[in-house]
Amino acid sequence: MRKAVLFKGDNEQMVNGKKVVMVMPAYNAASTLKRTLDELPGGVIDEILLVDDCSRDDTVSQAESLGLKIVAHTCNTGYGGNQKTCYNTALKMGADVVVMVHPDYQYTPLIISAMVSPIANGVFDCMLGSRILGTGARKGGMPFYKYVSNRFLTFFQNVMVGYHLSEYHTGYRAFSRELLEKIPYDVNSDDFIFDNQMLCQIIYAGYDIGEVTCPTRYMDDSSSISFKRSVKYGIGVLRCSVETALHRLGWMKSEFLKSVDFRKDR
């Protein structure tokens, strides 16, 4: 493990004077954590935070041996609940830019500078690593049914939400401190639909989102939700999109959007 890559002894911020914290929402990631970190390039990350969601394996001890800052949940809070802890803790750590990298080796950290630099330099407020731009998704082994559902749901969301993204479902994301302080993500679901609710909040609030092409890997030890959970997630995405459209039109008050009581000046 190239520990020199992970931390700078003088704590000098690496990217445009901004403190960059990488957060890793972890669940049973002991077998893939080190492989993920081994691809982390130097000169980008100031601190790494791993939030363990009550793993059944030795994820925590692995993270300790690698010198990471750790928050360990005493009970499983869900994917959304894990992210809430990630972002809340990163802000307390003084992060100016927060980038989320899953420790399951599905998304490569090799492009992390492309995720962080546009935010650190004030170009975008949020960056997404898109599996759909280019040929990353199918080439990396994304199951066909997931690819087709991704394309359908993304088309539907672009129409309903009034934005244009190549995909809304990537787990590779980066945010500015201002965005995380303003967006009320704590009211969102603790389940997988958290990601979609947060993007709808970001778009509704007027923040700008950028995307970069991200190759992915689908392997036996990479985390993935079951077909049943995928169907539940898809239904949640449709509901989230419709709620956003109706909220924008003033025809209903969405629970996760009504707390977004501001519009960012463009």
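Tell me which label goes with the value of Cα Rg over 2.2 N^0.38 Å computed from the coordinates here: [x] 0.96; [y] 1.07; [z] 1.00.
[x]
Please compute the per residue accessible area over the chain with all protein chains in place, 1.4 Å probe, rounded to a whole number of Å².
On a per-residue basis, the chain sits at 44 Å².
Can you tell me the relative contact order of the chain? Whole percent, Cα pairs under 8 Å, sequence separation 6 or more.
21 percent
Does anything in the stretch 185-199 have its amide N under 20 Å from the 7 Å Cα→Cβ label point of residue 92, and if so which residues?
185-188, 190
Can you say what percent of the DSSP beta bridges in the stretch 1-122, counting only those with both residues inside, are antiparallel? Round to 5.
Details: 1 of 15 bridges.
That works out to approximately 5 percent antiparallel.
Among the trypsin sites (Lys or Arg not before Pro) in the stretch 17-68, which ones are in a DSSP loop with at most 16 other Cβ atoms within 10 Å of the Cβ? Mind listing them?
Of the trypsin sites (Lys or Arg not before Pro), the ones in loops of the stretch 17-68 whose Cβ has at most 16 other Cβ atoms within 10 Å are 56.
With charges set only on the Cβ (+1 for Lys and Arg, -1 for Asp and Glu), what does the dipole of the stretch 56-198 come to about its Cα centre, in debye to the nearest 20?
Working: 12 positive and 13 negative charges, 84 e Å.
Value, rounded to 20: 400 debye.
The values are calculated or read from the model by the stated rules, or taken from the named source; none is laboratory data. No experiment lies behind these values; they were computed from the predicted model shown. Heads up, the Cβs are rebuilt from the backbone with ideal geometry, glycines too, and the neighbour counts pull from every protein chain shown. SASA here: full protein model, heavy atoms, side chains in, ligands and nucleic acids out. Shrake-Rupley method; radii C 1.70, N 1.55, O 1.52, S 1.80 Å.
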